[in-house]
Amino acid sequence: MKLYYAPGACSLAPHIVLEEGGFTYESETVDLRGGKQTGTGKDFNQINAKGYVPALLLDDGQLLTEGPAINQYLADRVPEKKLAPANGTMERYRLQEWLTFLGTELHKSFSPLFNPTASDDWKNASSEALNRRLEYIAKQLTGKQFLVGDHFTIADAYLFTILGWGQYVNLDIGKWPVLKEYHGRIFMRPAVQAALKAEGLIPSA
Ligand SMILES: N[C@@H](CCC(=O)N[C@@H](CS)C(=O)NCC(=O)O)C(=O)O
């Protein structure tokens, strides 16, 4: 398998999941600006017509896209790691409820804040939405270690990744001590450290 990623982008979530799952995998960067070249000089648009990361090249040559699908695919390959509850259970639907919320309500509310062409009105509306969503998540996490159940799942890999973007858009998650503490705790997981090092986001020595 090969993960196409951009350092610190939403592709960090499957990168963490690959590490948590103990997979043997390759990875290749994509420069999201301009021509979308990969680390080996290929045109990423020719690899993934959607032009965005993450994308996972499977061993049979298929390309799987969309973070929540990639993360569930990976989790289901290693059920013993309990990175997702079993398919068909109520807990799995709860996980999917979170993945959808994180993708559509949280992740995509950050997008205008990274977009230099977004209007101030759009950015302000997105910031307000983000504050409401983060408030909701902080309440849900109060007294809990993880988003779903009592152990780390792919939803935590995704939330950890998104919370890391606050620093780039002047959004201090310290406003919500529960989120700050959660982020710090997930950060310390060995698999998370490995993924962050692999993406050059923390020193590797
Ligand atoms: N729906 C996609 C969205 C992926 C996405 O937003 N990727 C961003 C990085 S976090 C990206 O590659 N943006 C560059 C672009 O769209 O050109 C998913 O959930 O995987």
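Laid out as a table, the results:
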| item | result |
| --- | --- |
| Pairs of Lys in the chain closer than 13 Å at Cα, counting only those 8 or more apart or on different chains | 4 |
| Mean residue ellipticity (222 nm) of the chain, computed from DSSP H runs ≥ 4 via -39,500 (n - 2.57), nearest 500 | -14000 deg cm²/dmol |
| Extended-chain gain in nm, criterion 0.36 nm per residue less alpha-carbon gap, residue 121 and residue 93 | 6.6 nm |
| Accessible surface of the chain, 1.4 Å probe, proportion on carbon and sulfur as whole % | 52 |
| Cβ charges +1 (Lys, Arg) and -1 (Asp, Glu), total dipole of the chain, debye | 280 |
| Among 60-72, 167-179, 113-125, the order from most to least packed when residues are scored by Cβ within 10 Å on average | 60-72, 167-179, 113-125 |
| Sparse-neighbourhood loop sites, trypsin sites (Lys or Arg not before Pro) in the stretch 1-76 - DSSP loop, at most 16 other Cβ within 10 angstrom | 33, 42, 50 |
| Cα gyration tensor category, rounded, prolate or oblate, for the stretch 93-205 with a/c compared to 1.5 | oblate |
| Pairwise FRET efficiency - residue 100 versus residue 151, Cβ, R0 = 22 Å, nearest 0.05 | 0.60 |
| Probe 1.4 Å, protein heavy atoms only - accessible area per residue of the chain in square angstrom | 51 |
| The chain: radius of gyration and largest Cα-Cα distance (Dmax), Å | 16.6, 47 |
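The values are calculated or read from the model by the stated rules, or taken from the named source; none is laboratory data. What you are looking at is a predicted structure, and each value in this text was computed from that prediction instead of being measured. Here the Cβ is made from the backbone with ideal geometry for all residues, glycine too, and neighbour counts use every protein chain on show. Quick note on the areas: whole protein, heavy atoms, side chains included, nothing else; ligands and nucleic acids left out. Shrake-Rupley method; radii C 1.70, N 1.55, O 1.52, S 1.80 Å.
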